[in-house]
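First the structure, in the form of structure tokens, and then the observations on it.
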Amino acid sequence: MEQLKKDGYVIEAVKNRGYLLKEDAARVFGRTEIESRLHTEWAGKTLYYFESTDSTNIRAKQLAEEGAPHGTLVTADCQTAGRGRRGRSWSSPAGANLYFTILLRPDILPDKASVLTLVMALAVAQGIINTVGTKEEETAGKGGNTDVKAEHCGVGIKWPNDIVADGRKVCGILTEMSLSVEQASIQYLVVGVGINVGKQSFPEELAGHAVSLEEIYGPVSRSRLLSEIMKAFEAAYGKFTETENLELLKEQYGELLLNVNRKVRVLDPKGEFEGIARGIRDTGELMVELPDGGITDVYAGEVSVRGIYGYV
Ligand code: BTN
């Protein structure tokens, strides 16, 4: 009972009848909730939950240096120094969103590791669809939309690793890697994920292209979402390790890739250009068809890709 209270449940004693859980279950997020829902073999088996921390990526790296095992999951209700890509910060208020980082110790060469960000993007998209899709399906008989799951609920991936719902960004992923001294092998890798879950107002510069899951689908349980993502990630990671690339995942990733057959502008530091996105390679590059019909491969990390007619 004390642990449930710590995790945010509001519990009221009712005379002669025991206890009453008052808090909206979808909003509760804590160690007990997460542990009771996680049914994975290794992903998240070692779990660190913080009410508040600087950044789950920073914590995961510290834990890695102290010898934490492959699959260690670090999550927090709030981050005081959440970090995004390209040195940006990641707004991380309490009680609203999902922030987590998984520590990986893959036995692969460093140049194969960047694909793991795409593997996580796939797992996040699948986790969101499985969470909000079944929610919709549960209500389908009561006038809900039965096609929601089949159509991926409006959820997709903007290459390489932004998750988009109804055309706006709901999730960002930040992967960081530590190499051995001679740079020949990976010591560890941390993959950090931030998902806008609860309703919130976004800073002006993001307002047009950021959205939260609750705004689209209604309240979403963060612990359920986290467990669906871990389940999907464990399966996808297994397929990745079989080939050390996306060969076995390309079809699933491709089904969710929103850029396909759309015009994109590639913001390459060596010169911007436009083309039509045609899909991805096994190694994760985006294939872009140029106006002369030739295909060029765009590498994640070096460039960013913008839709011509909107965010995607
Ligand atoms: C992006 O800029 O799109 C990536 C954002 C990544 C944010 C997540 S929140 C959990 C983890 N901890 C951090 O400090 N950053 C990542």
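Only the coordinates and a few stated rules stand behind these numbers; no lab work does. As the structure is a prediction and not an experimental result, all values here were calculated from the model. Methodologically, a virtual Cβ is constructed for each residue, glycine included, from the backbone with ideal geometry; neighbour enumeration extends over all protein chains shown.
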**Q.** Inter-label distance, nm, simple model (7 Å from Cα along the C-beta direction), Thr283/Ser180
**A.** 2.2
Q.
Rounded, prolate or oblate, given the Cα gyration tensor of the range 46-103, with a/c below 1.5 counting as rounded?
A. oblate
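Below 8 Å, C-alpha to C-alpha, sequence gap of six or more: please give me the relative contact order for the range 169-309 in percent.
Numbers: 193 pairs, mean separation 19.0, N = 141.
After rounding, I find 13 percent.
Is the range 163-312 best put as rounded, prolate or oblate by its Cα gyration tensor, with a ≥ b ≥ c the root eigenvalues, rounded for a/c under 1.5, and otherwise prolate when a/b is larger than b/c, oblate when not?
Here the range 163-312 falls in the oblate category.
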**Q.** Contour minus Cα-Cα distance for Glu66 and Ser52 (0.36 nm per residue)
**A.** 3.0 nm
